[in-house]
Each structure stands twice: as C-alpha cells, then as structure tokens.
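The values are calculated or read from the model by the stated rules, or taken from the named source; none is laboratory data. Because the structure is a prediction, the values reported are computed rather than measured. Counting neighbours? That spans all protein chains shown, and the Cβs are built from the backbone with ideal geometry, glycine included. Just the protein is used for accessible areas: all its heavy atoms, side chains included, with ligands, DNA and RNA removed. Shrake-Rupley method; radii C 1.70, N 1.55, O 1.52, S 1.80 Å.
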Amino acid sequence: MTNRKDSAFLFDLDGTLIDSVYQHVIAWREALEEVGVSLAVWKIHRRIGMSGGLFVTALRRELGVELDAETLAKLPDLHAQAYMSHYHGVRPLPGATDLLTGLSELGIPWAIATSGAERTAGVARELLGLPDDVPMVTRDRVRYAKPDPDLFLTAAAEIGVDIRDSIVVGDSVWDLLAARRAGALGIGLLSGGYGREELIYAGAFRVYEDPGDLLAHLDEVGVRRPA
C-alpha cells in the first residue's frame, strides 16, 4: 500500500450508499399533503440532500406563501413517519457494502455524513451490515447541514483526518457544494438522480454511476491496491 495514512473518504448516505432518495421524496410529498400543501414530486427531488431548514425555505419560495410556525414544526415528524413507512423498500446501492469493506481492508478510514436525522438515518447501519459504532454524523449533531460544510468537517475530525486530505462522495449538488466549502475533493454518483453535468458543475472532479462503479475505479481517485 502506498496510500497516505491520513487520507479518508466521507460518504453521504441517501442516494450514495442506500437507494432511498425516492422514498424520501414520497415521504416529503405525503408530509406536505398532511398539512394541506401540494408540491410536484420533481421539485421535491431537487431539494433532497439539503438541510430541513433550507428545504422549508425553498418550499416557501416555490409556494409563494407563508406557512405558520405550527405547520412548519409538524413537517419533520410527519416526514420521518412517512419515510419509515416506506423504509421496507430501501436497499443498499450496488457495491456499497463491498466499497466500505474494501476501504477498511486497505486501511483507509471513512465515515458517513448525512443531512438526515439519527431516527431515519441510523437504521441504515443494519441495512449496510455496519456495527453500531461506525462513524456516522447526522443532522442532529451539527448546527447547519448541507450545503454548509459542518457535517463533513465534523466527520473528518471524528476519524482524525484533515478535511483537505479527504474525498467526499455524494449524489447531489448539495453534497458537492458542501465538499467545496469544506475544502475537500468531491466525487459525484449518479445513483441519486442528478445528472453528470450538474454534479460536475457543482464541483465533482469524477462522476461514477454508483458505489460499485466507484469501487471498480478506485485507482482513478488515488487509491492503490496491493499488487
């Protein structure tokens, strides 16, 4: 191995390691309908991956109306309940488990950093076959979520690496904007529904289809395997 010992990978979760983006989209639509708001599914999809607070700000802009504080306060719980009702359909993305296992075998540290809360993101540990103590930074643990850099900065600190020696892997423009603001390199995955050009414009220096495709091309991002 010739990898730098302080290099690391920081992964988004939804759409990056698990195939859950569209469950989140439907959950947000159901949550909004519960409070009498109708919004096109494609517009919701464009906001998946950003923090809940920014999602609400974008929602207000899309609707052109103000939602009262009581209604806004209901939305996170309604979304979480709706998402968990659809969770049975969530699966690991192709190659996700093999990618994480492979990095660990190579001695390369990694962590997960997600805009999701622990109550919805934490269940992914079992889905991916990960131990309970795997480094996972959720929305609950930072002041601001994506596209702010806090999640990735916290994840890098948790595994003891410099963010400048880290590679962020995400499926949305919000992941890549947060990576740029944190000072990390960004890799985009198409598995969350964003297009290749969008991810490149947001800062991705490489784009792959899914975790399995990234695993097959690790040499392109500087990971050298033993001969």
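Table for the structure above
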item	result
Net charge of neighbours whose Cβ lies under 10 Å from the Cβ of GLY122, counting Lys and Arg as +1 and Asp and Glu as -1	-2
Net +/- balance of residues flanking ASP12 in space, Cβ distance below 11 Å, scoring K and R +1, D and E -1	-2
Tilt relative to the chain, helix 69-86 - C-alpha long axis, 0 to 90 degrees, to 10	60 degrees
In Å², nearest 10: area of ARG46 left accessible to a 1.4 Å probe	80 Å²
Per residue accessible area in Å² of the range 1-80, where ligands, DNA and RNA are left out and the probe is 1.4 Å	48 Å²
Additional length obtainable on full extension of the chain from GLU70 to ALA216, 0.36 nm per residue less Cα span	47.7 nm
DSSP-loop GluC sites (Glu not before Pro) across the range 1-88, with at most 13 other Cβ within 10 angstrom	GLU66
Calculated [θ] (222 nm, deg cm²/dmol) that DSSP helices of n ≥ 4 give over the chain, each run adding -39,500 (n - 2.57)	-12000 deg cm²/dmol
Carbon/sulfur fraction of accessible area - the chain, other protein chains in place, 1.4 Å, %	50 percent
Listed values [x] 62; [y] 53; [z] 50, entry calculated as percent of Cα pairs over 21 Å apart	[y]
Å² of accessible area per residue within the range 94-227, as computed with a 1.4 Å probe and no ligands counted	44 Å²
Value of relative contact order over the range 1-159, rounded to a whole percent, pairs C-alpha under 8 Å and six or more apart	32 percent
10 Å beta-carbon shell around VAL35, net charge (K/R +1, D/E -1)	-3
Probe 1.4 Å, all protein chains present, accessible-area order of LYS146, LYS74, LYS43, largest first	LYS74, LYS43, LYS146
Contact order relative to length of the range 124-227, as percent, for alpha carbon pairs under 8 angstrom and 6 or more apart	17 percent
